[in-house]
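No value in this document is a laboratory result; all are computed from the given coordinates. What you are looking at is a predicted structure, and each value in this text was computed from that prediction instead of being measured. All Cβ positions, even for glycine, are placed from backbone atoms using ideal geometry, and neighbour counts span all protein chains on display.
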Amino acid sequence: MKKIILFLLLSSFVACVKGQFDPEKTPLITQSLVNDNIRSVLAETSGGNITVIGVPANEAKLEVYVVPNNYRKNPISEEEIRKRMKDDYEMKFTAGSNKLTATAKAINKNMDWKKSLNFSYKIYVPKNVSVELTTSGGNINLTDLTGHLVFSTSGGNLNLEKIGGNVHGTTSGGNINLEDAKDTMNLETSGGNIHATRSNGKMKLITSGGSLTLSNLNGNIEARTSGGNVNGSDIEGDLTAHTSGGNVMLNSLSCNLATSTSGGNIHIELKELHQFVKATNSGGYIDVIIPPNKGVDLRLSGDKIKMDETENFKGSIKSDEINGKLSGGGTTITVDAGGGRVYLGFSKK
């Protein structure tokens, strides 16, 4: 049966607070979702945060926090907040047909920002759920969820922990933090940094201006930035890592690797060799450290090339080019440093 929150009429959906009302800590609206078997969530807000957390079915609920702009400098009463909600906003908080809808929009798009309100949601639902979330200025926080997860924010951060399924998230200016995730993840920010750790699956991580920090990842991973650095460690599977202007620093790899930079340097340390390693840049150095006594096909070029001494190499060595095989050949290592130098070394293991 469809339920509708009418915050002015149904007191059971409104938090009762004794003493001083603090809209940042106390939800103005609270609704139990225990009997609604929520399987999908649609949430939209213009200025606040959206948090969705996976919980047991008997803990499902919605909390709505309503904070006026500039509240810390000019606090207003709970009554005044409620009046502005009634007069200036169109709200829909419904639970029915296994779906939760939470939306709040200003009636007048040109309203005085000093009188505007920010609506933030904390949504507690069963772990297997699909979500569609939008906020123009706040953060999006997802924890312990698996499903079709689609979300975007114009200016906030994406904080994602223990999520899985088919994940698609974007932010225009914020950072992305990904931890303990799995399955398929497409995450993009126009200006922020990306940090991803302890995750498995197919990952596409893109930032236009920030840096990428990757650690303890396993899967098919594509990491790109237009202007920042790429730093990674303890990565397995397949890694594609590119930057247009920064450095690439990768350590303790056990993966196929394709990496490039147009303006920076590249440092690669491989713990295990797989099928191929490919590294290119225009003018900086490229250092590649590999395990000793492994079968490798070498194709190295640059302004100046140095390789550690080895008795297992057969091929051609020139000052600007090395082509040949180590220990009979195997993994293909292709390095092109353009006008920069190349160094191939062996780890001391």
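Go through 144-150, 172-178 and give me the packing order, highest mean Cβ count within 10 Å leading.
172-178, 144-150
Distance between Cα centroids, the stretch 75-154 to the stretch 294-312: provide it in whole Å.
After rounding, the separation between the Cα centres reads 58 Å.
What are the residues whose amide H is under 5 Å from the amide H of K202, where those residues sit 5 or more places off or on another chain and H is modelled from the backbone?
D183, T184, M185, N220
Which of the lysines could a cross-linker span from K83 if the Cα-Cα distance has to be under 16 Å and same-chain partners fewer than 8 positions apart are dropped?
Within the straight-line cut-off, K83 pairs with K105, K114, K115.
Quick query: amide H of T146 versus all other amide H atoms, modeled in the peptide plane; which residues come in under 5 Å with a sequence gap of 5 or more or a different chain?
N128, V129, G164
Measure off 7 Å from each Cα along the Cα-to-Cβ vector at S244 and K114, then give the distance between these two points in nanometres to one decimal.
If labels sit at S244 and K114, their model points lie 4.2 nm apart.
Under Stokes-Einstein, with the Kirkwood radius over Cα pairs standing in for Rh, what whole-number D in µm²/s applies to the chain at 4 °C and 1.567 mPa s?
57 µm²/s
At a 10 Å Cβ-Cβ cut-off, how would you order D22, D112, D234, fewest neighbours first?
D112, D22, D234
Output needed: percent of Cα pairs per 10 Å distance bin for the stretch 26-85, bins running from 0 to the one holding the longest distance.
In order of increasing distance, the bins hold 16, 45, 26, 12, 0 percent.
Which lysines have a Cα lying under 24 Å from the Cα of K202, excluding residues fewer than 8 positions away in the same chain?
K127, K162, K182, K271, K278
As a test of the formula, what do you get for the chain when each DSSP H run with n ≥ 4 contributes -39,500 (n - 2.57) and the sum is divided by the residue count, at 222 nm and rounded to the nearest 500 deg cm²/dmol?
Mean residue ellipticity, 222 nm, calculated: -1000 deg cm²/dmol.
Counting DSSP beta bridges in the stretch 1-134, what percent are antiparallel, to the nearest 5?
60 percent
Kirkwood Rh and Cα-based Rg: tell me the resulting Rg over Rh for the stretch 1-134, rounded to two decimals.
Across the stretch 1-134, the Cα-based Rg/Rh ratio is 0.96.
How high is the FRET efficiency between N69 and T184 when r is their beta carbon distance and R₀ equals 30 Å, given to the nearest 0.05?
0.20
Cut-off under 17 Å on the C-alpha distance; same-chain residues fewer than 8 positions from K109 excluded. Which aspartates and glutamates are left, in chain and number order?
E44, D87, D88, E90
Can you run phi through the Karplus equation (6.51, -1.76, 1.60; θ = phi - 60°) for the stretch 210-222 and list ³J(HN,Hα) in whole Hz, with x for Gly and Pro?
Computed from phi, the couplings for the stretch 210-222 are x, 9, 10, 10, 10, 8, 6, 10, 9, x, 9, 10, 10 Hz.
Suppose each label sits 7 Å from its Cα in the direction of the beta carbon; what would the E161-K105 distance come out to in nanometres?
A separation of 3.3 nm, rounded to one decimal place.
Could you give the size of the charge dipole of the chain about its Cα centre, using +1 on the Cβ of each K and R and -1 on the Cβ of each D and E, expressed in debye and rounded to the nearest 20?
Dipole about the Cα centre, nearest 20: 660 debye.
Between the alpha-carbon centers of the stretch 198-221 and the stretch 232-278, tell me the distance in whole angstrom.
The distance from the Cα centre of the stretch 198-221 to that of the stretch 232-278 comes to 12 Å.
Using 0.36 nm times the number of residues separating H274 and K306, minus their current alpha carbon distance, what extension gain do you get?
9.2 nm
Check which residues have an amide H placed less than 5 Å from I176's amide H, if you skip close sequence neighbours.
L158, N193, I194, H195
Which ³J(HN,Hα) values, rounded to whole Hz and listed in residue order, are derived for the stretch 183-196 from phi using the Karplus coefficients 6.51, -1.76 and 1.60 in 6.51 cos²θ - 1.76 cosθ + 1.60 with θ = phi - 60°, glycine and proline given as x?
Each residue of the stretch 183-196 in turn: 6, 10, 10, 10, 10, 9, 9, 7, x, x, 8, 10, 10, 10 Hz.
What FRET efficiency comes out for the pair S282/S77, r = Cβ-Cβ distance, R0 = 56 Å, nearest 0.05?
The calculated FRET efficiency here is 0.35.
How large is ³J(HN,Hα) for each residue in the stretch 165-182, as worked out from phi by the Karplus curve 6.51 cos²θ - 1.76 cosθ + 1.60 (θ = phi - 60°), to whole Hz, x for Gly and Pro?
Using θ = phi - 60°, the values come out as x, 10, 10, 9, x, 9, 9, 7, x, x, 8, 10, 10, 10, 9, 6, 10, 8 Hz.
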